[in-house]
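**Q** This is the structure I want to talk about, given as structure tokens.
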Amino acid sequence: MQLSAIDQIKFNHCDFIQIVLFDAQGHVIDSCDTLFPLKANQENIFERIYVLESIQNDIQALDSKLEIKMVEFSHYKRDGFFDFLIHPSNIKGEFHLIIKDQTQVYEYMQHVQTQKNKSIIKNEQLQRLNQKISDQNQQIKLFSSFITHDIKEPITTIEGIADMLNAEFEELIGQDQLKQGLNYIKRNAVWAQRLINDVYNYSKLEQNIVLYKVVSLHSLVAQIIETYSINHDVNFTNQIEPSTKIISDPILIEQILNNLISNSIKYKQANKPAEITIQFKELETEYILTIIDNGKGIEKTKIKEIFKPFYMIDKQPEQMSTGIGLSIVDRAIKKLKGKITVDSILGKGSTFKVFFKKKVD
């Protein structure tokens, strides 16, 4: 059997190719039998290789190569997918059949297609999940809008009526019971508004992305101090240098400061002004913001609980606490990829340290 140089290389080095020489009637003249045993002068390829039966009547007219690709075939206990290439030899009436085992190629193609189908399914699932998240976020926005407008409106009305009754019937409200009742209405209306605002701010944290800007930290702290100094018995010490600037999200930083300072004021010691110190330190990869107070302090067993939503150390009506403030702090810090630590001594006060990462370009 005469083979080309390429066919000779394939014959010597490849177990996945078989070359057969046969005549126009299909009788095997020679075969390298790499894949299937085909005995010379005894076998007929049209009978043994049934996929070639359809070309039997046209074989004599074949003047160029004919390919039958990726056919599932079983012969002598060998199953798989094969390519069949037939072309005339140099001797008239004789033909070469090259059989190539493509089983591994087929299995690889099937694997690729399976992975592709899985990828398509995952993409579709991801799109559905993204749509579901988008729908849920829209519902949250609608709910938040409902809270901040529809629910707050009647509470504001209640508060306004309590103020009006206090002013209109000031002379009649000498009676302690009536005055206490109106004050109770007023106090609960204010508390309800705070609760709504805190719930709204807490839910909004999940929706907003972190927007980094240059923040003048000393100025921001000074504004917050001014706000709280108006209506509260508190002495502030701002130890942050006036020139201090950081790159962070100003809204998140303000929420952290507001709620930590508010918490220190709520839990101040009775008959004693609150003393609150704000400090700042810049390290190589992070910032540290520290709030120190002289309040009641927190039991060690309760420190892990204080950042849970609606948790209150003690439920005193005069504190007007919603139990959400420190949860907002915790969420805001996590969005800044930071952490918070608390050191506290009962009767002496607490130190809150906020660690948050510097923005790396």
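The values are calculated or read from the model by the stated rules, or taken from the named source; none is laboratory data. Note that this is a predicted model, so its numbers are computed, not measured. All Cβ positions, glycine included, derive from the backbone under ideal geometry; neighbour counts span all protein chains shown.
**Q** Is it true that PHE73 is modelled with pLDDT under 85 and in the same structural domain as GLU94 (by TED's automatic domain parsing)?
**A** Here the answer is yes, as PHE73 does meet what is asked.
**Q** So, one more: For the stretch 18-99, which fully contained strands (runs of 3 or more DSSP E) count at least 1 residues that are closer than 28 Å to GLN110 by Cα?
**A** Filter on the stretch 18-99 gives 66-75, 78-88.
**Q** Can you tell me which residue in the stretch 1-52 is farthest from ASP83 (Cα to Cα), limited to those that are among the aromatic types (Phe, Trp, Tyr) and at pLDDT 85 or above?
**A** Checked the stretch 1-52; the qualifying residue farthest from ASP83 (Cα to Cα) is PHE22.
**Q** Please go through the stretch 263-288 and give me each residue that is in contact with a helix residue (DSSP H, G or I) (Cβ under 6 Å, 6 or more places away or on another chain) and under 19 Å from ARG331 (Cα atoms), ordered by number.
**A** ASN263 - this is the single residue of the stretch 263-288 that is in contact with a helix residue (DSSP H, G or I) (Cβ under 6 Å, 6 or more places away or on another chain) and under 19 Å from ARG331 (Cα atoms).
**Q** Here's another thing I want to ask about it. When you scan the stretch 89-106, do you find a residue that is over 54 Å from the mean Cα position of the chain (by Cα) and over 20 Å from SER31 (Cα atoms), even just one?
**A** no
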